[in-house]
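Notes follow once the structure below has been shown.
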Amino acid sequence: MSLNAAVIEPVGGHSGMDYYDYGLCNGLQQAHVDVTLYTCDEPGILATTPFKVKPYYVRIYGSDPAWRRALRYLKGSWQSLHHARQQKAHISHLHFFHIGPLELINVLLSKAMGLRVIVTAHDVKSFADGLSVTLFEHWSYQLADRIIVHNQVSQHELLASLPVKPEKLAVIPHGNYLSTINAKPMPNSTAARDKFGIPIDAKVLLFFGQIKDVKGLDLLLQAMPAIVASYPKTRLIVAGRAWKADFQKYQHIIDQHQLADYCHLFIEHVPHDMVSTYFAAADLVVLPYKRIYQSGVLLMSMSFGKPVLTSDLPGMVEIINDGNTGYLFGTENAAALTKKVLHVFNNASEAQQVAANGLALVTEVYGWSRIGQQTAQLYATTLEVKNPGS
């Protein structure tokens, strides 16, 4: 029996999930799964793919009223699942960051069309109030045939917070970004810094990705005065748009500590063709998260061969070995953050080796071919198929 799967992930190019989607679908294709990606209509990272892409989720983001966007979402779900059934799909693979009525409907529609449901729980609990409804979470996970989480901390929290049978869960990691990074040469550091008006001899920190309150940008800004006192040519690049957060709270810290001359702010959606330029300009990527399950930005940074400093949350510690594959500091501790940044600046050759070790780790352990094979095997066991792809 040849496996046929519908990967339904509506975020796509809207918020950088297209990197993940295309990595997963490429891995599944290599594992001999006939896969179709159903996603949003916002541009993705690649013009062509070896798998089918159906952008049925049209105009589900933006400033239109929520009810209108919800109706478009439902239309996209109906079109996606109807097409999946026409293509004789066996699996509906759903991706959730929160579970509200629309997510539950996707589970119910998938079941109604006779598909086995695999759910990837990217965030066990939403990082924004009101997006998840506990009752809908219960129903969705009860109805799902299998649930994928990306690490042990997500597995433990899901089992502790919801009545989910342990045998339903599978830990399959988030993949790296090497295929998309290698598709386009990375600019050199000098050219990248020239583009942003940053001196060549500056020490450059990068905070990259959606700006959420749980991601701790305020902590990094509070650490900046002490960092600048030791290294006056330090510059901080902040690249990403605010998500359910008011950037004025961060601007207030910048103004309060007179940091405007040290901060390069790009508070907007990051175009795909600019991503590598931000990383090329950086000496160190800082992820001062206060709460997180897993981080695509962490794996992206390591894939770019950049040293990463992150808070010592369980999901990060599963990937980062301090001083070996990256750097860790005590969560929500600005003094510890400052100390570790200065350590990295003072030990440039060590940081280069740490970055190289991180790149080797994501290449060996977090490759999409391996992840695609693991996911295909989960599909097969869910369908009780002995030899996936045969």
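Quick look at the values:
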item: Single residue of region 1-49 satisfying the filter (in a strand (DSSP E or B) and either at pLDDT below 95 or not aliphatic (A, V, I, L, M) (or both)) that is surrounded by the fewest Cβ atoms within 10 Å (Cβ to Cβ); result: N4
item: So T338, is it assigned to a helix (DSSP H, G or I) and at pLDDT 95 or above; result: yes
item: Residues that are within 13 Å of N176 (Cβ to Cβ) and either modelled with pLDDT of 95 or more or not β-branched (V, I, T) (or both), drawn from region 285-305; result: Q294, S295, G296, L298, L299, M300, S301, M302, S303, F304, G305
item: Flag for V214 being in contact (Cβ under 8 Å) with a residue 12 or more places away in the chain, of a type outside the set (K, R), outside any helix (DSSP H, G or I) and closer than 25 Å to W243 by Cα; result: no
item: Filtered residue count, region 150-191, keeping only those that are of a type in the set (A, V, I, L, M, F, W, C), outside any helix (DSSP H, G or I) and in contact with a Phe, Trp or Tyr (Cβ under 8 Å, 6 or more places away or on another chain); result: 3
item: Qualifying residues in region 192-211 (those that are out of contact with any helix residue (DSSP H, G or I) (no Cβ under 8 Å at 6 or more places or on another chain) and in a loop (DSSP other than H, G, I, E, B)) - the one nearest to L342 (Cα to Cα); result: D201
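Yes/no per residue for (1) in contact with a Pro (Cβ under 8 Å, 6 or more places away or on another chain); (2) among the polar types (S, T, N, Q); (3) more than 25 Å from V124 (Cα to Cα); (4) without any contact (Cβ under 8 Å) to a residue 24 or more places away in the chain:
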site	(1), (2), (3), (4)
L24	no, no, no, no
L37	no, no, no, no
G44	no, no, yes, no
I60	yes, no, no, no
R68	no, no, yes, yes
S80	no, yes, no, no
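The values are calculated or read from the model by the stated rules, or taken from the named source; none is laboratory data. This one's a predicted model, so the numbers in the text were calculated from it and none came from an experiment. As a convention, Cβ positions derive from the backbone with ideal geometry for all residues, glycine included, and neighbour counts pool all protein chains shown.
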